[in-house]
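The values are calculated or read from the model by the stated rules, or taken from the named source; none is laboratory data. Nothing here was measured: the structure is a model prediction, and the numbers come from that model. Ideal geometry is used to build each Cβ from the backbone, glycine not excepted, and the neighbour counts take in all protein chains shown. Note: accessible area is taken over every heavy atom of the protein model, side chains too, but ligands, DNA and RNA are not part of it. Shrake-Rupley method; radii C 1.70, N 1.55, O 1.52, S 1.80 Å.
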Amino acid sequence: MRTRNTSYLFFRIISLLLVVAAVVLTMFQLVSYSRNRNNYPAGMTIGGVAVGGVNAQTASERVLQVYSQPVEIQYADAIIQIAPTVIGFSVDIESMIAAADLERTSSSFWGGFWDSLWNRPRPASAIPLRATLVEEQLLAYLQTEVAPRYDKPASPAQPIAGSVNFESGAEGQELNINRALLLIEDALRSPNNRVVTLTYQRTAPTRPTLDNLEILLKQIIELSDFDGIIGFYLADLQTSQEIHFVLENNEEVSIDPTDVAFTASSTIKIPIMISNVLRQGKPDTITDQYMQDVFQQSDNAAADLLMAEIDRATGPLLVTEDIQALGLENSFMAGFFCSPANPCPLLRRYTTPANQRTDIYTNPDDFNQTTVSEMGILLTDLYQCAENGGGALIAAFPTQITQADCELMIEYMLQDKFGSLLQAGLPDGTRIAHKHGFIPDRFGVVHDISDVGIVYTSGGDFVIAIYTYHPVQGIWGQVNPLFVELAQAVYNYFNLNT
């Protein structure tokens, strides 16, 4: 009987000890869980940074440490470290910690405790990165700190002294800023991939400046041994930039305040054509034939007929009136061409600022005169009228001329196929709407040679006008190659990249 009681007591003590042990273990687990519940659950990330098992303060420090690390930029063989704050990047740590705390406390205390007793881990949760980037600040950094230091500008082509050619420039590289903005922002928002290789785009070599072209043109003239007077005018029809100079025996002649008067000879047929269209309208069949004869054959008689259609007696003076209405005060036609065997009278003697100069003398014809710049300006106006309906021609004669009229006049000028002077300096097939001119004196000696035109090229369109005068004789074998080389140099300048 005593043995049974002893056994019973033993078992009761053992059971009590087990219960006490279970209670102690449960309390220990409860205290441990309670403490761990103040930390973030295993597997949790904030902005991609692991924060499982740590409290909010430690988690904040970890996240801020990761996202305050510099971003490394690799560009143009340079390595650049950029602090995020410098380019306007900031992490919203408060809102991310608040979101993590909400996730940490989203389940009930006892439910979580029960899961921990059964070693059932909670699903890992990821709090996304919340950050802001001031894109304007990053853009400014790239534009003022990176691009100016590490871009490699293209080097312009350079004229080759003593030739009509240019030495090729070198390509450059330019930071692709739009792409850089995306790549750097991605790196700023990444906890581990914080190295960026920036891309660039190639930049083509630029043209030399017009100043360099002008130097080359003057060198060409000097090497030609032409010792007369030459007037040169060039207009870039894309940029409206100009080259304008006059040389006498390779010495610069002032063109301020007025240009130099030259005999216009057959180049005056361009204003004759314009005045006929202004005053007579679209050419009929007969007038169309006159126009073709003027530009295909440089026919003086056809030019006289065009002026006679305007007015039989004063046609040339009305041409002058139209020219000067455009502000071209040094250009005029003072009589009909007629012929040496049957000369026509001078209808009026014109005094202009250009032909009153005493410092330089080209013996300009009393019947027709112009300056290299005024003829260049007139062609520029004609081009603008034909291309977009703008320019001084439309402005001065809004009811008398149309864009279609200007297009037709350029078509007439394209029929001048003289094949020498400017045209000979251009590649075959190049469109040049031009008029050449030269006129012998009463002894058959040619002193004045000229050519003016609009040249259309894939590298850009331009107006070019050249007038020459030699007091003894303009030797064709010397002057024609000079025109050719000047035209070649200008064409090459505009078509370096084509």
How big, in percent, is the set of alpha carbon pairs in the range 130-239 lying more than 26 Å apart?
48
How much length, in nm to one decimal, is gained on full extension between Asp227 and Asn192, taken as 0.36 nm per residue of separation minus their Cα-Cα distance?
5.1 nm
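With all protein chains present and a 1.4 Å probe, how do Asp225, Asp304 order by accessible area, largest first?
Asp225, Asp304
When the Kirkwood hydrodynamic radius is evaluated over all pairs of different C-alpha atoms of the range 349-496, what value in angstrom, to one decimal, is obtained? Can you show the working numbers first?
Values: mean 1/r = 0.0598 Å⁻¹.
Across the range 349-496, the inverse of the average 1/r is 16.7 Å.
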Helix-only [θ] at 222 nm, the chain, -39500 (n - 2.57) per DSSP H run of 4+, per residue, nearest 500, equals -13000 deg cm²/dmol
Hey, of [x] 54, 30, 21; [y] 93, 24, 17; [z] 37, 27, 22, which did the structure itself give for semi-axes √(5λ) of the Cα gyration tensor in Å when calculated?
[y]
Return the lysines within reach of Lys435: Cα separation strictly under 18 angstrom, same-chain partners fewer than 8 residues apart disregarded; answer none if there are no such residues.
Lys269, Lys417
Express the Stokes-Einstein translational diffusion coefficient of the range 281-323 in µm² s⁻¹, to the nearest whole number, given a Kirkwood radius over alpha-carbon pairs, 4 °C and a viscosity of 1.567 mPa s.
122
Helix 56-67 sits off the longest principal axis of the Cα atoms of the chain, rounded to the nearest 10 on a 0 to 90 degree scale, by 30
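Keeping all protein chains in place, calculate the accessible area per residue for the range 298-412 (probe 1.4 angstrom), answer in Å².
Details: 5030 Å² over 115 residues.
Accessible surface, normalised per residue, equals 44 Å².
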Hey, could you pull the Cα Rg and Dmax for the range 195-296, both in Å?
22.0, 77
Computed ³J(HN,Hα) along the range 223-231: with the Karplus parameters 6.51/-1.76/1.60, θ = phi - 60°, integer Hz and x for glycine or proline, the list is 6, 6, 6, 6, 10, x, 10, 10, x
For the range 181-332, what is the charge dipole size about the Cα centre, in debye to the nearest 20, if Lys and Arg each add +1 at the Cβ and Asp and Glu each add -1 at the Cβ?
1020
Enter the per residue convex hull volume of the range 212-263, computed from alpha-carbon coordinates, in Å³ rounded to the nearest integer.
95
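Keeping the other protein chains in place, figure out the carbon and sulfur percent of the accessible area of the chain, with a 1.4 Å probe.
Roughly 53 percent, rounded to a whole number.
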Estimated translational D of the range 272-390 in µm²/s (Stokes, Kirkwood radius over Cα pairs; 20 °C; 1.002 mPa s)
140
Remind me, relative contact order of the chain in percent, using alpha carbon pairs under 8 angstrom and six or more residues apart?
13
What is the set of long-range amide H partners of Gly390 at a cut-off below 5 Å, with H atoms built 1.01 Å from backbone N?
Cys385
